[in-house]
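Peer 1: Just passing along the structure, written as structure tokens.
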Amino acid sequence: MQHATWTPSPHATPATGGPPRVDLSLYLVTDSAMAGSRGLADVVARAVAAGVTCVQLREKAASDAEVVALGRQLVEVLAGTGVPLLIDDRVHLVHPIGADGVHIGQEDTPPTAARAALGPEAIIGLSVHDAAQVDAANALPPATLDYIGLGPVWATGTKEGHAPPIGPEGLADLRRRSRHRAVAIGGVKAHTLGELTGAGVEGVAVVSAICAAEDVTAATRELCGAWAR
Ligand code: 3NM
């Protein structure tokens, strides 16, 4: 779980053919409304100190200028930690923020266009919800994606109008079908994480389990502990 000791998963399939560039073990997706008066930078700093290995800035309701301002705060928070910052959806803000890459959804910029815009060094992830989308991701040129996000595993109040939940077994099926490294998302909590151990994913992604936690450090440690088991 610690970044310094992380070694690539044996079934990793990096975008560039080299070693994987992102440790997906505990992937934090932000929600500044859940962070509330504590501020997002504070929540992210605590979460990273407690073991989060990747951060995605996801602020659907914010303007580009607000995302840039928040993103630059997070770049400072993450400096020297080795934890990458990815930007949700907005490919054009990755370079102005100084982020490490982008996470795109099925309705966003197509993966090949994102790779063309950001170049070979950027980390690029794609949300995938069913077998047809796994197959489409598998058919992309080999150096397009670094990972896929598979979900939602369970129904979640965090994402309006989400795809039908796939459940732990659906997750395992889709992971087996995919040639990409994968992170599970949707309804993941410390007490549900144990149900995902056989699914073969490289990590889990959470929003509310960390952003809405009263004690971010304790919640993150609990998730890390559950993942390690
Ligand atoms: N993407 P929580 S589910 C941002 O299925 C997001 O692609 C999903 O929030 C997907 O951890 C989701 O609070 C929300 O359940 C996950």
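The values are calculated or read from the model by the stated rules, or taken from the named source; none is laboratory data. Remember, predicted model here, so these are calculated numbers, not experimental data. As a convention, Cβ positions derive from the backbone with ideal geometry for all residues, glycine included, and neighbour counts pool all protein chains shown.
Peer 1: Asp31 is checked against (1) over 27 Å from Ala190 (Cβ atoms); (2) buried (at least 18 other Cβ atoms within 10 Å of the Cβ) and fails just one. What number does that condition carry?
Peer 2: With (1) over 27 Å from Ala190 (Cβ atoms); (2) buried (at least 18 other Cβ atoms within 10 Å of the Cβ) applied to Asp31, the lone miss is (1).
Peer 1: In this structure, does Thr112 turn out to be in contact with a Pro (Cβ under 7 Å, 6 or more places away or on another chain), closer than 24 Å to Glu202 by Cα and among the hydroxyl-bearing types (Ser, Thr, Tyr)?
Peer 2: Yes, satisfied.
Peer 1: Return yes when Leu196 is under 20 Å from Pro84 (Cα atoms) and either in contact with a helix residue (DSSP H, G or I) (Cβ under 8 Å, 6 or more places away or on another chain) or within 15 Å of the ligand (Cβ to nearest atom) (or both) and no when it is not.
Peer 2: no
Peer 1: Among the residues of region 45-79, write down those that are within 22 Å of Val204 (Cβ to Cβ) and within 15 Å of the ligand (Cβ to nearest atom).
Peer 2: Ala47, Val52, Cys54, Val55, Gln56, Leu57, Arg58, Glu59, Lys60
Peer 1: At pLDDT 95 or above, among the β-branched types (Val, Ile, Thr) and more than 11 Å from the ligand (Cβ to nearest atom) - does that describe any residue in region 150-168?
Peer 2: Scanning region 150-168 turns up no residue that is at pLDDT 95 or above, among the β-branched types (Val, Ile, Thr) and more than 11 Å from the ligand (Cβ to nearest atom).
Peer 1: Right, here's the next one. Does Gly167 satisfy the condition of being of a type outside the set (Asp, Glu) and either touching a residue at least 12 places away in the same chain (Cβ under 8 Å) or buried (at least 18 other Cβ atoms within 10 Å of the Cβ) (or both)?
Peer 2: So Gly167 fits the description; yes.
Peer 1: For the subset of region 137-149 comprising residues that are more than 15 Å from the ligand (Cβ to nearest atom) and aliphatic (A, V, I, L, M), which member is farthest from Gly98 (Cα to Cα)?
Peer 2: Filtering region 137-149 for residues that are more than 15 Å from the ligand (Cβ to nearest atom) and aliphatic (A, V, I, L, M), the one farthest from Gly98 (Cα to Cα) comes out as Ala139.
Peer 1: Within region 183-202, does at least one residue satisfy the condition of being touching a Pro at 6+ places or on another chain (Cβ under 6 Å), among the polar types (S, T, N, Q) and either more than 19 Å from Asp23 (Cβ to Cβ) or in contact (Cβ under 8 Å) with a residue 24 or more places away in the chain (or both)?
Peer 2: Scanning region 183-202, I find no residue that is touching a Pro at 6+ places or on another chain (Cβ under 6 Å), among the polar types (S, T, N, Q) and either more than 19 Å from Asp23 (Cβ to Cβ) or in contact (Cβ under 8 Å) with a residue 24 or more places away in the chain (or both), so the answer is no.
Peer 1: Count, please, the residues in region 191-208 that happen to be in contact with a strand residue (DSSP E or B) (Cβ under 9 Å, 6 or more places away or on another chain) and not β-branched (Val, Ile, Thr).
Peer 2: Qualifying residue count for the region: 7.
Peer 1: Hey, among the residues in region 161-180 that are on the phi < 0 side of the Ramachandran plot and in a loop (DSSP other than H, G, I, E, B), which one's farthest from the chain's Cα centre (by Cα)?
Peer 2: Restricting to residues being on the phi < 0 side of the Ramachandran plot and in a loop (DSSP other than H, G, I, E, B), the top hit is Pro164.
Peer 1: Within region 214-226, identify whether any single residue is within 14 Å of the ligand (Cβ to nearest atom), among the aliphatic types (A, V, I, L, M), part of a loop (DSSP other than H, G, I, E, B) and under 25 Å from Arg46 (Cα atoms), and answer yes or no.
Peer 2: no
Peer 1: Against the conditions (1) modelled with pLDDT of 95 or more; (2) over 14 Å from the mean Cα position of the chain (by Cα); (3) among the aliphatic types (A, V, I, L, M); (4) under 21 Å from Leu150 (Cβ atoms), where does Met34 fall short? Just the number, please.
Peer 2: Answer for Met34: the failing condition is (4).
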